[in-house]
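The values are calculated or read from the model by the stated rules, or taken from the named source; none is laboratory data. The shown structure was predicted, so the numbers you read here are calculated from the model rather than taken from an experiment. Every residue, glycine among them, receives a Cβ derived from its backbone with ideal geometry; neighbour counts consider all protein chains shown. In case anyone asks, the SASA skips ligands and DNA or RNA and just uses the protein heavy atoms, side chains included. Shrake-Rupley method; radii C 1.70, N 1.55, O 1.52, S 1.80 Å.
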Amino acid sequence: MNFSTIINKKKNNQELLESEINWLINNFVTELLPDYQMASFLMAVWFNGMTKQETYYLTKAMINSGTTFDLSDVKGPFADKHSTGGVGDKTSLIYAPLVAFFGVKVSKLSGRGLGQTGGTIDKLESCTGWNENISEQKFKEILNTVGMSIMGQSDNIVPADKKLYALRDVTGSVDSIPLIASSIMSKKLVLPADSIELDVKVGSGAFMKNIDQAELLAKTMIDIGKQFNRKVSVMLTNMDKPLGRAIGNAIEVKEAWETLNGNGPEDLKELCVTAASISLVSNNIFNDINEAQTELFKLLDSKKAAHLLKDFIEAQNGDFSKIIDYNNNFKTNHIIEIKAKSEGYVKFKSADSLGYLSMHLGAGRETKDDKIDFAAGIYLNKTSGEYVKENQTIMTLYTNINKVEEFKNEALEIIEITNKYNKEEVILKLILND
Ligand code: URA
């Protein structure tokens with residue numbers, strides 16, 4: 001087998017064999033296939049796509065490039081949820097306690113943020129000492145005791161994805177549906193979840209800019225799941241506006257904690273309750289989504305699931321008292337209030353632009369090696385669709401960087417005040433497993 005046969009087949013839209021895809025991935029991971037050849041293959045896929053069968057073989061080859069988890073000594077069922085990434089997205093921190101409360105274990109692999117989108121691992125690290133690198137034994141122990149655990153992606157879990165993603169990132173081939181679908185699903189399928197739920201973000205702050213593209217991605221991931229005999233459901237959700245009011249790291253953990261204690265923003269509650277309902281129905285805890293939603297809204301008000309977030313963070317050595325006493329632990333040199341210049345309904349230029357502002361304030365990283373300031377971020381006193389009076393605060397910026405005027409201008413450019421009320425739905429479509 002050789003590279004030129006494979007690339008010529010892909011260029012000419014001929015379907016690749018499983019053995020050819022295995023050859024590519026194995027040689028790439030062991031560095032026998034150079035980056036420039038893989039980059040040309042990825043670009044050929046970007047233009048010509050992949051068939052359902054090729055996408056399945058690619059996912060399988062990526063899974064087989066590393067280790068998989070054996071959780072047979074943990075009592076299931078298991079549920080997993082993954083979001084394609086957005087601004088203010090702290091859903092996992094609320095979803096997991098809600099699901100674990102009913103005895104469905106949530107075992108997750110999560111990632112770090114890059115650019116305008118945040119990552120769950122960074123958010124959790126704002127609880128000093130929290131450790132993403134736990135052993136498989138410890139992971140199982142926490143699943144057995146608390147019912148939820150989150151790990152970071154190590155070098156031996158789907159190494160092919162780690163290497164491919166880094167190359168896609170610098171060669172313009174991230175936004176390809178078969179490549180995104182195989183990347184996400186390979187990381188979901190290494191864990192033995194009985195139900196997998198995918199939150200595909202749609203809009204200005206997401207990879208998928210419109211609902212048709214998002215549905216195609218959803219269908220591709222559902223098909224991969226079916227070929228591995230897994231139940232996959234998809235929520236298509238709005239990322240034209242940030243989720244909730246908090247954007248950053250510690251500030252998002254605090255918002256998750258408040259939500260679990262009955263005090264969260266409506267959009268965030270709706271999304272987390274719907275996500276948890278789908279997982280609980282898939283695992284036969286409730287008969288239907290409406291019944292599950294009613295019980296989960298009650299559970300949020302009762303605050304009974306909140307301790308699971310604290311217990312899980314502490315089980316992974318995190319100092320949760322930092323969040324409980326947030327104001328004393330996350331002080332910044334500058335607190336900048338951005339006021340409305342006129343009266344009307346708030347609209348943000350895009351969710352992305354708020355993600356970039358948060359990154360500039362110190363809450364995100366521009367490059368992989370940047371350090372995060374856990375106290376930096378944004379609080380949306382008013383969010384998209386809410387009415388504001390002249391001179392009322394629309395958002396508060398927290399930063400330790402001495403560029404106050406620059407940040408004020410950046411924030412003001414993101415805000416529009418209109419006289420038209422524009423309701424933004426959170427959940428655009430549900431595609432449930434059958
Ligand atoms: N998230 C992933 O894990 N992979 C992609 O390719 C895109 C988003």
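Figures for the structure shown
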{"quantity": "Solvent-accessible area of residue 82 with every protein chain in place, 1.4 Å probe, in Å² to the nearest 10", "calculated": "40"}
{"quantity": "Scattering curve values for segment 345-429, log₁₀ I(q)/I(0), Debye with Cα scatterers, q = 0.12, 0.19, 0.24 Å⁻¹", "calculated": "-0.40, -0.89, -1.20"}
{"quantity": "Whole-Hz ³J(HN,Hα) from phi, Karplus 6.51 cos²θ - 1.76 cosθ + 1.60, for segment 347-363, glycine and proline x", "calculated": "9, 9, 3, 6, 5, 3, 5, 6, x, 5, 4, 4, 4, 5, 6, x, 7"}
{"quantity": "Candidate residues 307, 360: accessible-area rank, largest first, probe 1.4 Å", "calculated": "307, 360"}
{"quantity": "Residue 151 accessible area, assembled protein chains, probe 1.4 Å, Å²", "calculated": "20"}
{"quantity": "Dimensionless Rg/Rh of the chain - Kirkwood Rh, Rg from C-alpha atoms", "calculated": "0.97"}
{"quantity": "Label-zone membership for segment 164-197, site residue 67, 7 angstrom Cα→C-beta point, backbone N under 16 Å", "calculated": "190-192"}
{"quantity": "Summed side-chain charge close to residue 137 - residues other than residue 137 whose Cβ falls under 12 Å, Lys, Arg +1, Asp, Glu -1", "calculated": "-2"}
{"quantity": "DSSP-defined beta bridges in segment 72-190 - what % are antiparallel, rounded to 5", "calculated": "10"}
{"quantity": "Segment 96-159, relative contact order in percent, only Cα pairs under 8 angstrom and at least six apart counted", "calculated": "41"}
{"quantity": "Fraction of antiparallel bridges per DSSP, the chain only, in percent to nearest 5", "calculated": "55"}
{"quantity": "Value of relative contact order over segment 78-323, rounded to a whole percent, pairs C-alpha under 8 Å and six or more apart", "calculated": "31"}
{"quantity": "161, 70, reordered so the largest accessible area comes first (probe 1.4 Å)", "calculated": "70, 161"}
{"quantity": "Residue-level accessible surface for residue 72, protein heavy atoms, 1.4 Å, Å²", "calculated": "100"}
{"quantity": "Residues whose placed amide H lies under 5 Å from that of residue 203, excluding near-sequence neighbours", "calculated": "208, 209, 210, 239"}
{"quantity": "Under 5 Å, built H, 5+ apart or other chain: amide partners of residue 365", "calculated": "115"}
{"quantity": "Prolate/oblate/rounded label for segment 250-326 (Cα gyration tensor, a/c 1.5)", "calculated": "prolate"}
{"quantity": "Amide H contacts of residue 339 (H built 1.01 Å from N, under 5 Å, at least 5 apart or other chain)", "calculated": "394"}
{"quantity": "Charge dipole (debye, nearest 20) of the chain; +1 at Cβ of Lys and Arg, -1 at Cβ of Asp and Glu", "calculated": "160"}
{"quantity": "Pairs beyond 31 Å (Cα-Cα), from 219/310; 140/254; 108/298; 187/420; 187/254", "calculated": "219/310; 187/420"}
{"quantity": "Sparse-neighbourhood loop sites, GluC sites (Glu not before Pro) in segment 1-53 - DSSP loop, at most 11 other Cβ within 10 angstrom", "calculated": "31"}
{"quantity": "Folded to 0 to 90 degrees: helix 289-302 orientation relative to the chain principal axis, Cα", "calculated": "50"}
{"quantity": "Gyration tensor (alpha-carbon) shape descriptor, segment 3-48, a/c threshold 1.5", "calculated": "oblate"}
{"quantity": "Gap separating the Cα centres of segment 332-395 and segment 123-146, nearest whole Å", "calculated": "31"}
{"quantity": "Cα gyration tensor shape for segment 78-323, rounded if a/c is under 1.5, else prolate or oblate", "calculated": "rounded"}
{"quantity": "HN-Hα J in Hz across segment 216-226 - Karplus 6.51, -1.76, 1.60, θ = phi - 60°, x for Gly and Pro", "calculated": "5, 4, 4, 5, 5, 6, 5, 4, 4, x, 4"}
{"quantity": "Per-residue HN-Hα couplings for segment 16-29 [Karplus 6.51, -1.76, 1.60; θ = phi - 60°; Hz; x = Gly/Pro]", "calculated": "7, 7, 4, 5, 6, 5, 4, 4, 4, 5, 4, 6, 6, 5"}
{"quantity": "Relative contact order, percent, the chain [alpha-carbon distance under 8 Å, six or more residues apart]", "calculated": "19"}
